[in-house]
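Asker: Okay, here's the structure, questions in a sec.
The values are calculated or read from the model by the stated rules, or taken from the named source; none is laboratory data. It should be emphasised that the depicted structure is a prediction, and the values quoted were computed from it without experimental measurement. Methodologically, a virtual Cβ is constructed for each residue, glycine included, from the backbone with ideal geometry; neighbour enumeration extends over all protein chains shown. These area figures cover heavy atoms from the full protein model, side chains too; ligands, DNA and RNA do not enter into them. Shrake-Rupley method; radii C 1.70, N 1.55, O 1.52, S 1.80 Å.
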Amino acid sequence: RQRAADKIRGLIAAAVWNLTLKILFSLVLAETFDPTDYAVFQTVFGMILTVVIALEFKRSLLVVAERRKSIVQVRTVILLAMLAIVRKLLIVDLKSTEAVQLFALAAAILALGCVHWLVCEQDRRESA
C-alpha cells in the first residue's frame, strides 16, 4: 500500500510540475498573455481543478490505506464526482455547448447533492 501511495505522490508531483510549466511558458512568457481573457481563465482554472481532484483522490486512497479496509467511503466518491462535474461546468464553452448537455450536468450535480445529503443524514442517524 505504501508503494501505491508513493506512485500516487509521484503522479501528483508530475501533474503539479506540468501545470506550473504550462502556466509559466504558455501563459506568462507568451506575449499575448491576458489574465482577463475568458479562454485563458478557463484553461488555467481547469488545470488547477484537475490537480485539486487528484490531490483529493490521493487523500481518499491514503485514508483507506490507513484504515486497512478495502471500503472506500461513499461520501468521498460523491464529492470527487461533484468536483469533476463542477470543473466541467467551469471550463465548458457556453457559446458552443447545447442546453441539453448543461441540463444533464446540472441534473448530475443535483442528484449527487441529494445522495450526499442522504448519506450524511444516514451517518447522523447512526451516530445518534
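Asker: On the given criteria, is ILE23 in a helix (DSSP H, G or I), more than 23 Å from LEU89 (Cβ to Cβ) and at pLDDT below 80? If you could, list the steps in order and put the result at the bottom.
Answerer: Working: in a helix (DSSP H, G or I): yes; more than 23 Å from LEU89 (Cβ to Cβ): no; at pLDDT below 80: yes.
It is false that ILE23 is in a helix (DSSP H, G or I), more than 23 Å from LEU89 (Cβ to Cβ) and at pLDDT below 80.
Asker: Could I ask something else about it? Against the condition open to solvent by less than 50 Å² (accessible area, probe 1.4 Å) and without any contact (Cβ under 8 Å) to a residue 40 or more places away in the chain, how does LEU118 come out, does it pass?
Answerer: It is false that LEU118 is open to solvent by less than 50 Å² (accessible area, probe 1.4 Å) and without any contact (Cβ under 8 Å) to a residue 40 or more places away in the chain.
Asker: Could you give every pair whose Cβ atoms fall below 9 Å, whose first residue belongs to the stretch 74-90 and is over 17 Å from GLN101 (Cα atoms), and whose second residue is open to solvent by 70 Å² or more (accessible area, probe 1.4 Å), counting only separations of at least 6 or pairs across chains?
Answerer: THR76/PHE57; THR76/ARG59; LEU80/PHE57
Asker: Run GLN73 past the list (1) touching a helix residue (DSSP H, G or I) at 6+ places or on another chain (Cβ under 9 Å); (2) more than 27 Å from LEU19 (Cα to Cα); (3) open to solvent by less than 50 Å² (accessible area, probe 1.4 Å) and report the number of the one that doesn't hold.
Answerer: Checking GLN73 against (1) touching a helix residue (DSSP H, G or I) at 6+ places or on another chain (Cβ under 9 Å); (2) more than 27 Å from LEU19 (Cα to Cα); (3) open to solvent by less than 50 Å² (accessible area, probe 1.4 Å), the one that fails is (3).
Asker: Follow-up question, since we're still on this one. With the checklist (1) modelled with pLDDT of 80 or more; (2) under 14 Å from the mean Cα position of the chain (by Cα); (3) surrounded by 14 or more Cβ atoms within 10 Å (Cβ to Cβ); (4) not basic (Lys, Arg) in hand, flag the one item VAL52 doesn't pass.
Answerer: (3)
Asker: State the number of residues belonging to the stretch 78-128 that are in contact with a Leu (Cβ under 9 Å, 6 or more places away or on another chain), in a helix (DSSP H, G or I) and not small (Gly, Ala, Ser).
Answerer: Matching residues across the stretch 78-128 total 16.
Asker: Just give me the residues in the stretch 89-107 being closer than 18 Å to THR50 by Cβ and modelled with pLDDT of 90 or more, in sequence order.
Answerer: Taking the stretch 89-107 as the starting set, the residues that turn out to be closer than 18 Å to THR50 by Cβ are 89-93, 105.
The answer is LEU105, and nothing else.
Asker: Let me spell it out: the conditions are (1) modelled with pLDDT under 80; (2) among the acidic types (Asp, Glu); (3) not in a loop (DSSP other than H, G, I, E, B), and ASP34 meets all of them except one. Which number is the exception?
Answerer: The failed condition is (3).
Asker: Tell me which of these LEU112 doesn't satisfy, since it passes every other one: (1) open to solvent by less than 70 Å² (accessible area, probe 1.4 Å); (2) touching a residue at least 40 places away in the same chain (Cβ under 8 Å).
Answerer: Among (1) open to solvent by less than 70 Å² (accessible area, probe 1.4 Å); (2) touching a residue at least 40 places away in the same chain (Cβ under 8 Å), the lone unmet condition for LEU112 is (2).
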